[in-house]
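Trainee: Have a look at this one.
The values are calculated or read from the model by the stated rules, or taken from the named source; none is laboratory data. Everything numeric here is computed off the predicted structure, so don't read it as measured data. Every residue, glycine among them, receives a Cβ derived from its backbone with ideal geometry; neighbour counts consider all protein chains shown.
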Amino acid sequence: MSRKNRKKYLNEVVILKEAVKIDKLAPTGQGVGTLEDGIKAFFWNALPEEEVLKYRIVKKRAHFIEAIAEEIDNPNPNRITPKDKQFLSTSPWQIMSESYEEESKVKILKELYRNLYTSEIKIISDKNFYYYRNKMEYSLYYNFTTEKIELAMHLRGSHQKIPVETSSLERPEIFKRAQEVVSELNQNGEEARKYQSLLLRCNQKGEVSGGLFEKHKSHPVFNNLEDQILGQTYSYSPNGFFQINLPVYELALKQISKLVGQAEKVLDLYSGVGTIGLSVARAKDLTLVEIDKSAYQELEKNCAGISNAKPILAKSEEALDYIAPDSVVILDPPRAGCDIKLIEKLIEVKPKKVIYLSCNPITQVRDVEKMVSAGAKLESLELFNFFPRTPHIESLASLSFS
């Protein structure tokens, strides 16, 4: 289908003569059903056993569509009323109970790993399902009725903006500061179209940093924040990479620490500002590899004064010589997963242990399957609920070549 025709169908509303039943939840979070012509449909705002009567298309391809269910029948008994009007933009699983969310995430991970892992999968959480995010980026738009700038989010699958009146995901300090910034813009008679977005971040103490991004201008440098993770202090930029949900991240780090044990040689790949390696490894030889220059600068600062820590500026797939048979390798790659050259090197060298934390279990399964096929043993698999009220899953796998 041509790009022109794809755009033609965006936001098309379809009213069905026969309802589409939702069979299951996709790993990406949508309810999955089949249209009359056999095309797979991935519906936001739809849960298993529900029947979709009306939907709005947000993506159309030859073999599937992605859509938003706008009218359903036979609602799932676990469906609840979302807290926020913009939930589909920020947290599409606000439509289900907390217990059903956890059950669904375990079911999805179990299905992805069905050929690799048959033991029980535990979900680990601090049970805090709201007001946990320490970072938020808002759009701005001008309301011609009130003649004021307002906070906004993009409607899922659209460039259309919807106002943010309440927001139950980010920490209250962030939303309060966002409202203050908008108030200042209105007092100064500013124009919303001048700005790309508003990015704010806060630490565990509730201190907020960040600000406005102006269109066609370089991003400003914001004041750094500091947080303590398992007793180690980290400095980081508000618009750089740092974990979104620190309490649950600490739970994951404690488990990684157990898996690392007393290893004398640890290699931390995709290390960011060093929060994993520096928090969990007490090795005599700790090497941390990061490619992003901004994150690496923070990594160097965080490694200062730690004699056993060696930061390296490089792509993880280009730091292969640091992989050794007597090392424990920690992986925390982006959503795309690990580069094939890295997986092949791990298979070749066979390090003592590979600990793989992933924000995308779909690509994690792909990488783990290659190592298992080459003789590695998948010893443990756990699920951490870093992002409640969303379909995102953080999974921790531990493999051994010995």
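Trainee: Only one of these is without any contact (Cβ under 8 Å) to a residue 60 or more places away in the chain and crowded, with 21+ Cβ neighbours inside 10 Å: LEU320, LEU267, LEU278. Name it.
Mentor: On inspection, the qualifying residue turns out to be LEU278.
Trainee: Among (1) in contact with a Lys or Arg (Cβ under 9 Å, 6 or more places away or on another chain); (2) surrounded by fewer than 20 Cβ atoms within 10 Å (Cβ to Cβ), which single condition is ALA67 missing?
Mentor: (2)
Trainee: What strands (runs of 3 or more DSSP E) lie completely within the stretch 281-387 and have 1 or more residues being under 22 Å from GLU111 (Cβ atoms) and hydroxyl-bearing (Ser, Thr, Tyr)?
Mentor: Where strands (runs of 3 or more DSSP E) fall fully within the stretch 281-387 and carry at least 1 residues being under 22 Å from GLU111 (Cβ atoms) and hydroxyl-bearing (Ser, Thr, Tyr), they are 353-358, 377-384.
Trainee: Still on this structure, I have one more. Going through the stretch 366-402 one residue at a time, which ones are of a type in the set (Val, Ile, Thr), over 25 Å from GLU264 (Cα atoms) and surrounded by fewer than 23 Cβ atoms within 10 Å (Cβ to Cβ)?
Mentor: THR390
Trainee: Now, a different point. What are the pairs with Cβ atoms under 8 angstrom where one residue, in the stretch 91-116, is closer than 21 Å to ILE68 by Cα and the other, located anywhere, is among the basic types (Lys, Arg) and surrounded by 18 or more Cβ atoms within 10 Å (Cβ to Cβ)? Sequence gap at least six, or different chains.
Mentor: Here the result reads SER91/ARG389; PRO92/ARG156; TRP93/ARG389; GLN94/ARG389; GLU101/ARG389, each pair linking the stretch 91-116 to a residue that is among the basic types (Lys, Arg) and surrounded by 18 or more Cβ atoms within 10 Å (Cβ to Cβ).
Trainee: Starting from residues that are within 25 Å of ARG282 (Cα to Cα) and among the acidic types (Asp, Glu), keep the ones in the stretch 309-359 and report whichever is farthest from the chain's Cα centre (by Cα).
Mentor: My answer is ASP326.
Trainee: Kindly establish whether SER380 is under 20 Å from LEU253 (Cβ atoms), in contact with an Asp or Glu (Cβ under 9 Å, 6 or more places away or on another chain) and polar (S, T, N, Q).
Mentor: No: the conditions fail for SER380.
Trainee: Any idea which of GLU111, GLU137, GLU150, GLU120 is assigned to a strand (DSSP E or B), over 19 Å from PRO92 (Cα atoms) and of a type in the set (Asp, Glu)?
Mentor: Testing whether each residue is assigned to a strand (DSSP E or B), over 19 Å from PRO92 (Cα atoms) and of a type in the set (Asp, Glu) leaves just GLU150.
Trainee: Of the residues GLY337, GLY305, which single one is small (Gly, Ala, Ser) and out of contact with any Asp or Glu (no Cβ under 6 Å at 6 or more places or on another chain)?
Mentor: Answer to the check: GLY305.
Trainee: Let me ask something additional. Considering LEU169, LEU185, LEU155, which residue is buried (at least 16 other Cβ atoms within 10 Å of the Cβ) and either at pLDDT below 95 or small (Gly, Ala, Ser) (or both)?
Mentor: LEU155
Trainee: Residue by residue through the stretch 90-112, note down the ones that are farther than 17 Å from THR363 by Cα and β-branched (Val, Ile, Thr).
Mentor: Listed by number, the residues that qualify are THR90, ILE95.
Trainee: Next question, about the same structure. Cβ-Cβ under 7 Å, sequence separation 6+ or interchain: first residue in the stretch 284-298 and farther than 13 Å from LYS315 by Cα, partner at pLDDT below 90 and part of a strand (DSSP E or B). Which pairs?
Mentor: GLU298/SER235; GLU298/TYR236
Trainee: Does any residue of the stretch 3-22 turn out to be at pLDDT 95 or above, out of contact with any His (no Cβ under 6 Å at 6 or more places or on another chain) and acidic (Asp, Glu)?
Mentor: Within the stretch 3-22, not a single residue is at pLDDT 95 or above, out of contact with any His (no Cβ under 6 Å at 6 or more places or on another chain) and acidic (Asp, Glu).
Trainee: Given the residues LEU199, LEU169, LEU155, LEU230, which is the only one that is in contact with a Lys or Arg (Cβ under 6 Å, 6 or more places away or on another chain) and closer than 28 Å to ASN385 by Cβ?
Mentor: LEU169
Trainee: Please specify each residue of the stretch 37-54 satisfying the condition of being touching a strand residue (DSSP E or B) at 6+ places or on another chain (Cβ under 6 Å), surrounded by fewer than 22 Cβ atoms within 10 Å (Cβ to Cβ) and on the phi > 0 side of the Ramachandran plot.
Mentor: Once the filter is applied, which keeps residues that are touching a strand residue (DSSP E or B) at 6+ places or on another chain (Cβ under 6 Å), surrounded by fewer than 22 Cβ atoms within 10 Å (Cβ to Cβ) and on the phi > 0 side of the Ramachandran plot, the stretch 37-54 yields nothing.
Trainee: Would you check which residues across the stretch 388-402 are of a type in the set (Gly, Ala, Ser) and in a strand (DSSP E or B) and list them?
Mentor: Those that are of a type in the set (Gly, Ala, Ser) and in a strand (DSSP E or B): SER395, ALA397, SER398, SER400.
Trainee: So which residues in the stretch 84-106 are surrounded by fewer than 15 Cβ atoms within 10 Å (Cβ to Cβ) and not hydroxyl-bearing (Ser, Thr, Tyr)?
Mentor: LYS85, GLU103, listed by residue number.
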